[in-house]
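Report on the structure given below.
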Amino acid sequence: METVGADREDHTVRSFDAELLKLANTVVRAGGLVEAQLAAAMQALVRRDSQMAADVVAGDAKVDALEQEIQDMAVRLLALRQPVAQDLRHIVSALRIAGDLERIGDYGANVAKRTMVVNQAPPVRTVAAMPRMARLAQEIVKDVLDAYVERDVERAIAVWRRDEEVDELHTSLFRELVTYMMEDPRNITACTHLMFIAKNIERIGDHATNIAETIYYLVQGRPLKDARPKGAGQTIDPTVGSAPMA
């Protein structure tokens with residue numbers, strides 16, 4: 001009888017481990033989709049490709065569906081398994097990361113929506129910081145997702161620190177766009193949309209930083225208590241708190 005009980009317990013543990021692995025793999029799958037969506041949104045912006053932008057907007061529903069799937073799996077595990085310690089951190093972290101990924105997907109879709117509007121106007125003079133900021137956002141999202149897969153705290157902290165660079169590029173871009181609007185009022189509409197695009201990219205960096213902090217909590221079992229690095233000049237940004245474009 002002891003053997004039967006031990007076998008049953010071992011089976012339960014293996015089953016729970018399999019469910020945790022499935023949850024983590026679904027988070028990784030959502031991350032891959034968000035990464036692809038973000039890359040396409042940035043390419044559409046740089047290339048002024050409205051069809052690619054439209055495809056990004058249409059694809060956002062898939063990200064939302066995966067977030068809901070992760071939420072359902074996590075709630076079921078919490079209700080049926082009543083996990084503690086590290087297992088509980090795995091589930092809570094999956095929920096947090098899924099939420100941040102969904103928001104990154106939303107901001108990517110919003111970049112695509114505004115790109116389609118900007119493309120209807122004549123091109124604004126080359127905005128030097130925009131492609132660089134877009135590439136940086138893609139890099140930190142990729143790096144933080146790799147850090148989650150590998151449970152790599154050092155890589156996660158490196159992403160956490162790079163958010164300051166995104167903030168500084170955002171400030172530089174804001175000032176550049178203001179200059180263009182002052183030089184020629186015909187640029188105001190396009191530059192305003194570009195400002196919101198830049199803010200969306202900056203917020204993508206913030207959510208990648210959230211994921212980095214969650215990875216630290218997942219691996220270390222305690223929150224990252226250091227003050228989050230922020231670039232200088234953030235207080236001048238009038239788009240803070242702006243809602244995504246409908």
Give the shape of segment 72-164 as rounded, prolate or oblate, defined through the alpha-carbon gyration tensor: a ≥ b ≥ c are the square roots of its eigenvalues, a/c under 1.5 means rounded, and otherwise the shape is prolate if a/b is larger than b/c and oblate if not.
oblate
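With only alpha-carbon atoms in the gyration tensor, what are the semi-axes of the equivalent ellipsoid for segment 29-122, in Å, largest first?
35, 10, 8
Which of Asp152, Asp64 has the fewest other C-beta atoms within 10 Å, and how do the rest follow up to the most? Show your work: numbers first, answer last.
Values: Asp152 17, Asp64 14.
Listed from fewest to most nearby Cβ atoms, that is Asp64, Asp152.
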Given all pairs of different Cα atoms, what value in angstroms does the Kirkwood hydrodynamic radius of segment 2-236 take?
19.1 Å
Counting only other residues whose beta carbon sits under 9 Å from that of Leu136, what net charge do I get with K and R as +1, D and E as -1?
+1
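Throughout, read-outs are computed from the coordinates displayed, never taken from laboratory work. None of the values given here were measured: they were computed from a predicted structure. Backbone-built Cβ (ideal geometry, glycine too); neighbour counts: all protein chains shown.
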